Amino acid sequence: MNDPHGHPHPHAHDGHAHGGRIARWRHTARHLVTPHSHESADKTDAALESSAKGMRALWVSLGVLGATALMQVVVVILSGSVALLGDTVHNAADALTALPLAVAFVLGRRAATRRFTYGYGRAEDVAGIVIVLTIAASAVFAGWTAVDRLLDPRPISYLPAVAAAAVVGFIGNEWVARYRIRVGREIGSAALVADGLHARTDGFTSLAVLLGAGGAAIGWRLADPIVGLLITAAIVFVLRDAAREVFRRVMDAVDPALVDAAESALLAVPGVRAVGELRLRWIGHRLRAEVAVVVDGELTVRQAHRVAVAAEHALLHAVPKLTAALVHADPAATPGEADPHAALDHHAPAHAPAHAPAHAPVV
């Protein structure tokens with residue numbers, strides 16, 4: 001078993017066949033083209049850099065959306081448009097979601113402790129829950145205001161200003177959405193991506209305000225509250241998508257393609273005969289892996305450790321956002337030999353393992 005702390009990665013594997021030498025030559029050539037290091041300091045620097053990018057995205061988007069919402073507040077006070085009010089509330093709520101995410105990114109930089117042995121990356125998931133609750137609250141407020149105005153219609157003034165505010169709201173939200181989604185996917189932050197999707201829908205709801213202004217311009221007084229209800233429905237759809245994304249992250253869901261990539265990388269490592277248990281989990285916007293690989297039972301401890309280190313190294317190359325992997329080497333079973341894990345059977349959970357060692361040996 002190898003610990004995922006920084007250390008040199010040996011590439012010499014005694015007794016491997018011609019195919020193993022070719023694989024090592026190919027890997028060495030790849031290093032000459034794209035040199036890198038997986039030392040602990042480098043991993044920490046990458047983690048801090050991703051958090052810094054997330055913080056920058058949050059503050060920039062907070063400034064843009066905050067300025068947009070303030071401009072819309074002025075127009076709401078002058079015009080009395082309930083559709084624009086709903087859009088403004090949504091924009092303001094979207095801007096304020098930067099605050100819990102900022103706290104999460106700051107906490108995520110803290111080192112692991114004896115109590116929080118995985119660090120504080122999970123704070124991002126808590127921030128995601130706060131974002132979902134904020135979206136839900138904005139939906140309730142916008143819907144209540146629209147229904148109230150539907151029951152008690154009122155005239156709207158300053159229609160050109162309402163239309164202009166709607167266009168500005170769309171431009172601001174779409175720019176922020178693109179920025180947040182791009183940075184969120186780049187650093188692997190589900191909360192930031194969910195926040196970007198939230199901003200994108202805000203942009204389209206801003207355009208919907210134009211419909212309300214157009215209806216009011218031709219004398220249809222119910223156009224404004226009806227558009228307000230449509231905006232509420234759009235917020236609910238965003239709420240559904242954001243809640244699903246955050247729920248999956250809280251439940252340790254990962255993209256199956258990442259599991260496939262990890263599995264393929266492990267099976268290509270010289271000395272790995274099969275892949276047993278394979279688990280991936282997000283901790284904030286970083287991934288960790290736990291895996292058991294099957295190796296030749298006649299290998300020495302040092303030789304098995306070399307295979308485990310090579311397996312960890314292959315995972316760090318193959319799985320984006322992976323910062324640590326714990327690899328356990330199991331000896332291949334021989335006829336008549338007792339299962340070395342039999343003593344653990346009574347500790348096993350009732351359900352089947354998530355990833356059974358059902359792969360054909362790779363020599």
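The values are calculated or read from the model by the stated rules, or taken from the named source; none is laboratory data. All figures in this text were calculated on a predicted structure; none of them were measured in a lab. Using ideal geometry, Cβ is built from the backbone for each residue, glycine included, and neighbour counts are taken over all protein chains shown.
Per-structure values
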| item | result |
| --- | --- |
| Count - residues of the stretch 125-165 that are part of a helix (DSSP H, G or I) and charged (D, E, K, R) | 3 |
| Single residue of Val269, Val227, Val254 found to be modelled with pLDDT of 85 or more and either in a helix (DSSP H, G or I) or buried (at least 18 other Cβ atoms within 10 Å of the Cβ) (or both) | Val269 |
| Close pairs from the stretch 212-223: first in contact (Cβ under 8 Å) with a residue 40 or more places away in the chain, partner among the hydroxyl-bearing types (Ser, Thr, Tyr) and surrounded by 13 or more Cβ atoms within 10 Å (Cβ to Cβ), Cβ under 9 Å, at least 6 apart | Gly212/Ser81; Ala213/Ser79; Ala213/Ser81; Ala216/Ser81 |
| Check on Leu210, under 18 Å from the mean Cα position of the chain (by Cα), under 25 Å from Ala142 (Cα atoms) and at pLDDT below 80 | no |
| Residue match in the stretch 81-94 (condition: within 19 Å of the chain's Cα centre (by Cα), touching a residue at least 24 places away in the same chain (Cβ under 8 Å) and over 30 Å from Gly214 (Cβ atoms)) | no |
| Count - residues of the stretch 272-321 that are in a loop (DSSP other than H, G, I, E, B) and within 30 Å of Val193 (Cα to Cα) | 5 |
| Qualifying position, being surrounded by 14 or more Cβ atoms within 10 Å (Cβ to Cβ), hydrophobic (A, V, I, L, M, F, W, C) and modelled with pLDDT under 50, among Ala47, Ala17 | Ala47 |
| Pairs with Cβ under 9 Å, 6+ apart, first in the stretch 103-116 and in a loop (DSSP other than H, G, I, E, B), second surrounded by 13 or more Cβ atoms within 10 Å (Cβ to Cβ) and of a type in the set (S, T, N, Q) | Arg109/Ser51; Ala111/Thr44 |
| Boolean, Leu107 is surrounded by fewer than 19 Cβ atoms within 10 Å (Cβ to Cβ) and aliphatic (A, V, I, L, M) | no |
